[in-house]
Structures are given as C-alpha cells and as structure tokens.
Amino acid sequence: MTNILKQHYDILPGKQYPGGATFAPEGINFSIFSHHATSVELLLFENADSTQPFQIISLEQRYHRTFFFWHVLVKDLPVGAYYAWRIDGPGDVEHTGFRFNRNKVLLDPWARAISDKLWNHQHACDEDDNTTTSMRAIVVDNRYDWEDDQPSQVLPEHTIIYEMHVGGFTRHSSSSVTHPGTFQGLIEKIPYLKALGITHVELLPIMAFDEQDVPPGVAALGLNNYWGYSTHSFYSPHPGYCVTPDDGSHVREFRDMVKALHKADIGIILDVVFNHTAEGGVDGPTINFKGIGNEAFYHLEPEDRSQYRDYTGCGNTVNCNHPLVARFIVDCLEYWSKEMHVDGFRFDLASVLSRGEDGKPLYHAPVLWNIEFSEALINKRIIAEAWDAVGLYQVGDFPGYRWAEWNGRYRDTIRKFIRGDSGLIEEVASRIAGSSDLYQPRDRLPANSINFVTCHDGFSLLDQVSYDHKHNESNGEDNRDGSDNNLSWNCGIEGPTDQEEILTLRHRQARNFMAILCLSQGVPMMHAGDELLRTQQGNNNVYCQNNELGWFDWNLVDINSDMLRFTREIIAFRKRHPCLMQPRFLTGVKNEGADITWHGLHLHQPLWGDPAGQILAFTLTELAPGNSHLHIMLNMGKEEQQLQLPLIPERYWHLAIDTFLERPNDILAISEQTAMTESSYRIQAHSIAVFESR
C-alpha cells in the first residue's frame, strides 16, 4: 500500500516527453497525448481500492500543453501513487470520430503498471461516471539490478520454441509451486523447461489485458478471458500474473522471471497484440485510447466515423500506420527490448500491421519496416502470424526480410499427411525442407519458417489424434466458436476410449507429429503440454477456460512419461545433428555433393505427383567430418513397406528412431543403437523411422 504523506501536492508545468509517468528531480512528470482534447485532468488516488481521488489536478492549455501533449509535474509525489486521467473534447462522433467522455476515467497508455482491482467492464461501456470502478496506473520505480543478464545467444536456425501460458502453466493444484499462475511460479518450473531442451519460451499475452472481456453468455457461465488477447495497457505486465500487484511490483516480478530464464540459457519471446485492443467496437468499454484519440488510434468507417472497421474479429482494428500509432508501437517494443530484456516478439494477426490508414495492404508499411530496421530490435526475433480475420493471408509474402512467419502451410500439410491423406508428397517434401518455395524467391532463409502442428489456438496434440470434430459446448457459444478446419483424425473413435489398439495408434501419431516437427528445416515450435499428451476434451478454443481444461496438468509428467521422454530425446536428437538446422536452403544438386536426396518406394524415385503417394524417404548428408548422415523414412499409409537403405561407403546405418516401437526402443541413444546388417528396413504403417550413419 502506498504511504501518501499529504493530501495535496504542488505542481509545475512539466514537459511533453516521454509519455507516461517518469521521474524528474522535483517529482513525477506526467504526459499524455490527446490532439483534440479541450479539458484534461490528472486524478491521484492513494490506494488500489480508493474509490475517489484525493487530488484532482486540472491542466491549463497555456502551461500544460505542448503541441498534442498534455503534461504536468507533481512535486514530491512518491513511488506507488495511483493515477488516471479524465479528458473532454468535442463531439459529433459520426463526422469526427471523437469519443471524448469526461465521465470516463482513463488509463495512461504508457503506464508501466496498472491495477484492475475495482474494474467493472460493463460500467465502462455505458455513459455514466465510472470513477469507482475504473482501472488505475501506478507510479513505479524503474531501478533494477540486472546483474550480468545477457540476451539469448542462440542462432535463429538452432531455435526451438515452446509456446506457453504464464498463468495456466502453474495454476493446476499439481504444480506444487509457491505462487501458482504467476511469473514467479514459472521461475520454479525452469528446471523442467531446461530438461526438456527447448531454447525459447513464447508467452501468450502478458501485457495487461481485460479478463472480463468475453461475450455475455460466456460471462454468465462464470468464464473469463483466459488467453489474454484483449490488451489495453501495452507497457504494463498483467497484474494477474504478479504476486503483489497492489505494491506496483509488476516490472520487478517480470524482470525476475526474464533474468532467471536467461540464467538457464532460455530466451523469451512475447506474443503481442497490436492489431486490436480491449475497447472493442461501438458497444465496448472506454478504457484509454477511445477517450484520448479514438479518431487516430482506430480504423473508422469513412462514411460514418462512429463505426469501426473490423479486420480482427474483435470489434476494432488498430490504425497501426498512423504516424503517432506507429511510433507508439515501435517505442513500446523497444521498451520491452531494452528495459525488460526480452528476446523477441510474435505478432498476433500481424497482417493488420501491413494495412495503411485506408485499410488496404501496404508492402512498405511504415510500422513493419520501422520494426525491421530498429537498432534496438535488430537482434530480436520478430515473428508474424501472417494473416488477419478477413482473409488477408501473407504466409510466404509478409513484408520485410527479417520477419519470420508462423507457417500455416506447414501446419496444414503435415496434419493432412499424418492423418493419412494421399497425393501430398511433393508439398510435404517442400515443408520438411524449410519451405524454400515460399521463402527462397525473396532471399529469405529456412529460419523465416516457424514450423508448428499445434498451438494455443486449436486442438492439443492428443486431441488432434482423438477427435474429428470440435467440442466447444462448455464455452457457452453453442459450439459456434473455434475453427471447423482442424484437419484431424480420431484414429477410429471420437474422443475417449479404452480400446488399446486405438490408444496405441493415437500415441504413435503423436510421436509422428513431434518427430516430423524436429526433423524439418526451419524453426520448430511446440505447444506446452503436448509433450505430456494434455487433453482439452475436444475443445479447440479454450480462450475462456481459466480452469483445469486450459491448465497444464503436472500429474501427466508421470502418467505420460513415455511421451515426455520421446519429446526430450527427439529435441536432443535434433540438436546433435547440424544437418537438421541448416542456415541456408538445401540444394539437392548431385554434382555439388547433394545435401539431400529424395526417395520413395525405391531409392532415388520419389513419388512426386503420385495421387496415391503416402511414402517419403530422404537422406541428409553430414555437414562436417564427424557428423552423421541421416536417412529418414515416413510411411503414413495403412500398410507396412520394405524400403531400401542407401549405401554409405565405409559406414553402417544404425536405427535411432522408430515411432512404431514402444519405449525404450522408439528412440535410442547412440550407446543403445546397433549396426544394421540388412540393406532394407520394414517400416510399419503410420510410422517414422530414422537412421544414423557411423
């Protein structure tokens, strides 16, 4: 709790830059952007649960406005004080797009920490005064001892990403952490992440979001916004992931987590949501941007500027290439990079950021190129979800060169191939080889492809092989939400079963997915819990399930230890074979010493164009003396096949992986392998086999 020593603080004019609440020799400087505001007040609150401000400071244009910024310096104000804004201005929303409402208490867009202790989403949606139920920003001390913290040094092509939810990772009672569902809880599980072998965690949104932002029918079931794709404060860690948010500990607790991850040689990538905000559409709440600069921050319909263009499916769309908004986004990313030491960003519905102020796609979108060329971000991972909600699909064609992309083409092709679809051999080969057809023509690299088969949005890996259809009834939207295009196969029975044959096939299919992911060129990304065969009971959209359906169940570490072992070992296998992590695209050119050779039912005869093809094999050449050649067989058909092994002079092939076999023979350490004496190998149906040469 803040110790406010007096009930009135003197003020000075202050200065326009930087935005937010910052330290000055005399006190705290506050600055906020509002081009068309006519009246601005700074509200000071004593505590997180103070329903009324103890001091209201009215800003005068003559002293407290410079160009579009309003500013004031509050002398001797201590760290920990709570504050908010009240702004008024002209109306006529249909023609101007202005949504000023002096009844609404507004958050500072630059707030480093916020409190939602009194927050009521519905009260912010009406026209009435919401002072008693508003969110507030907190003045924080930015000092921190980073010790010898260093950013991740992992090369792009050596990266292995683990997508996870900070809260859900430790909220389950089986997590046995001191502070479940927090940044500190994640710290306690770092040894697990280290043992798994991943190089980076990709965190679902941790910037402060509105947990109450769900449809009324969903809220009526007691559900809330769990995933966090409803950001309102882009500079503040989410208070729900902090142990002591009322003390304004957000920044310190987040930094503690980053520092601990870096000490374990694990990088951190943030999933960021700059395509829309928690303020939604016309009926959504007024939190900050609507009441500060609605006409600048959002895409509005030109014929009726009271209406929002919606390219996101979330009610509004951020006008990312407006000069002020573009600067806000880049400044925010640089803050998280320089001040919070994160190693990269994944941009949700990133194609929105390529839209100009008229809504049309721009290849030279200013905000994207400013991110690409920012000196502070030059060594950071920047990853695009290269589509939006209304059909702009840019996989393989996202603006820029450094931008990696969630490769939706990889996901869909591999899902279809592993479920047994035929006639995909040529495209499967392209995806496994790093999707050169998508990236090489524009001088990009295999690391531009983020390969994945599951993520937060969709079935878990076990559900991908256990359900043909989504089962989202518990979300309260009559199963209308979530994708219908899952490209899944239930292996013969929908959902849970006791049939051993079905269960064995499902587990093998899960190993197939994990194996092919780690055997592909590009950057593999796996979803947390898939290594333990976590189920969501067929729900492919657990965005509102802040409960055991959406959480990581630590009991599965023992229950599904076979799958956990396989995942650890296949990650280790990838790491010890440089030929699986090529920095440049494979050529397959024979007279240059082919780095890859493709096969089908017979050596050197791949089934390109065969409409019935379900067999693919390939040989990867060692990159340097002492490395191994690899030979990989993929059989996604219903029948076993006898496939030849290529001849390697003065060496023998050793079976390293066969997903058909049970533990411990499904994946073998080098010391457990024996030399093959046969010139061929019988690969079973729906199986993958891998051989090392020595």
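Brief remarks follow.
- Candidates per chymotrypsin sites (Phe, Trp or Tyr not before Pro) in segment 41-101, loop by DSSP, up to 14 other Cβ within 10 Å: 67
- For the chain, share of DSSP beta bridges that run antiparallel, in % to the nearest 5: 75
- Calculated from the alpha-carbon coordinates, the chain shows an Rg and a Dmax of 27.0, 89 Å respectively.
- Using the Cβ-Cβ distance between residue 155 and residue 95 with R0 = 60 Å, the FRET efficiency computed as 1/(1 + (r/R0)^6) comes to roughly 0.65.
- A full extension of the chain between residue 485 and residue 334 corresponds to an added length of 50.7 nm, given 0.36 nm per residue minus the alpha carbon distance.
- The C-alpha atoms of segment 345-408 occupy a region whose extents along the principal axes are 32, 26, 16 Å, arranged from largest to smallest.
- Nonlocal amide H pairs with residue 381, under 5 Å, H built at 1.01 Å: 344, 345
- On a per residue basis, the convex hull of the C-alpha atoms belonging to segment 533-663 measures out at 198 Å³.
- Förster-model FRET efficiency, 56 Å R0, residue 638 and residue 363, C-beta, rounded to 0.05: 0.80
- R0 of 30 Å, Cβ-Cβ distance residue 49-residue 389: FRET efficiency to nearest 0.05: 0.20
- Per DSSP, loop GluC sites (Glu not before Pro) in segment 84-175 with at most 15 further Cβ within 10 Å: 127, 147
- Ellipsoid equivalent to segment 359-507 - semi-axes via the Cα gyration tensor, in Å: 34, 19, 13
- For the peptides 178-191, 287-300, the ranking by packing is 287-300, 178-191, with the highest mean count of neighbouring Cβ atoms within 10 Å listed first.
- DSSP-loop GluC sites (Glu not before Pro) across segment 4-77, with at most 15 other Cβ within 10 angstrom: 26, 60
- Full-extension gain in nm, residue 412 to residue 373, via 0.36 nm per residue minus C-alpha separation: 10.9 nm
- Segment 104-238: radius of gyration over Cα atoms, expressed as a fraction of 2.2 N^0.38 Å: 1.27
- Zone residues, segment 388-417, relative to residue 610, backbone N less than 19 Å from point 7 Å out along Cα-to-Cβ: 414, 416-417
- Stokes-Einstein diffusion of segment 587-693 at 4 °C, 1.567 mPa s viscosity, Kirkwood radius from Cα pairs, rounded to a whole number: 90 µm²/s.
- Extension reserve of the residue 493-residue 678 stretch, reckoned as 0.36 nm per residue once the Cα distance is removed: 62.9 nm
- Here the simple spin-label model places points 7 Å from the Cα toward Cβ, and for residue 662 and residue 562 these points are separated by 0.6 nm.
- Distance between the pseudo-spin-label points of residue 12 and residue 306 (7 Å out from Cα toward the beta carbon): 4.5 nm.
- For segment 11-138, the relative contact order is 26 percent, taking Cα pairs closer than 8 Å that sit 6 or more residues apart in sequence and dividing their mean separation by the residue count.
- From the largest down, segment 1-141 spans 44, 33, 23 angstrom on the principal axes of its Cα atoms.
- Label-point separation in nm, residue 601 to residue 468, each point 7 Å along Cα→Cβ: 2.8
- Relative contact order (percent, whole number), the chain, Cα cutoff 8 Å, 6+ residue spacing: 10
None of the figures in this text is laboratory data; all of them are computed from the coordinates on show. Since we're looking at a predicted model, the values are computed, not measured. Cβ coordinates were reconstructed from backbone atoms using ideal geometry, including for glycine residues, and neighbour counts include every protein chain displayed.
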